[in-house]
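The values are calculated or read from the model by the stated rules, or taken from the named source; none is laboratory data. Keep in mind it's a predicted model, so treat the numbers as computed, not measured. Every residue, glycine as well, gets a Cβ built from its backbone with ideal geometry; the counts of neighbours run over all protein chains shown. Just the protein is used for accessible areas: all its heavy atoms, side chains included, with ligands, DNA and RNA removed. Shrake-Rupley method; radii C 1.70, N 1.55, O 1.52, S 1.80 Å.
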Amino acid sequence: MKSQLTRSLWWGLSRKCPSCGVGPLFKSWFILNPICSNCSCSFQEREDDTYFFMYMSTGLITGIFIILMFFIIPRDLKFGKTVLLFASVGLFVLTHPYRKGLAVAIDFVVDSRSEHPKHQRKNIS
C-alpha cells in the first residue's frame, strides 16, 4: 500500500484533491477550486503557500532551456529565438496545472504532518 505522501503527491499531480483523491483541484486550466467537492479540503487557502515550488519548477524548466541552448545552435538565429519563445511559453502553460497540483499536494502533506496545521478542513453542510 502506498504511503500518504506518495498517494497525496500522485493525486496532486493528477489534479485531484491531495486529501481524498476524488474532487478536482481546478475549475479550469489555471483556476483552483476553492474547496474539494468531496471532502471540503481547502485549496485556495493553500495557494499562497505554493509560490516557492512554482518559482523553483519554473526555474528548472528555464534551466533546461538554457542548457539546450548550449547544445542546439540554430542556423537562423531569429528562427531559433522564435522556436525557443513558443516552446518555453507552451511548456509553461501545458505543465501549469500539474506543477500547481503537485505544489498544493506538497503543502497539504507538510501541513498535515505539522503539529499545528494552518489549514483545517471545512465542515460539509
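Quick check on my filter: what residues within region 35-62 are in contact with a Phe, Trp or Tyr (Cβ under 8 Å, 6 or more places away or on another chain), part of a loop (DSSP other than H, G, I, E, B) and modelled with pLDDT of 90 or more? C36 - this is the single residue of region 35-62 that is in contact with a Phe, Trp or Tyr (Cβ under 8 Å, 6 or more places away or on another chain), part of a loop (DSSP other than H, G, I, E, B) and modelled with pLDDT of 90 or more. When the residues of region 32-59 are narrowed to those that are open to solvent by 40 Å² or more (accessible area, probe 1.4 Å) and closer than 15 Å to Y98 by Cβ, which ends up nearest to the chain's Cα centre (by Cα)? The selected residue is F53. Take the conditions (1) modelled with pLDDT of 90 or more; (2) surrounded by fewer than 17 Cβ atoms within 10 Å (Cβ to Cβ); (3) out of contact with any strand residue (DSSP E or B) (no Cβ under 8 Å at 6 or more places or on another chain); P18 misses just one of them, which is (2). Inside region 60-106, can you point out the residues that are open to solvent by 40 Å² or more (accessible area, probe 1.4 Å), closer than 30 Å to S3 by Cα and hydroxyl-bearing (S, T, Y)? Answer for region 60-106, where residues must be open to solvent by 40 Å² or more (accessible area, probe 1.4 Å), closer than 30 Å to S3 by Cα and hydroxyl-bearing (S, T, Y): just Y98.
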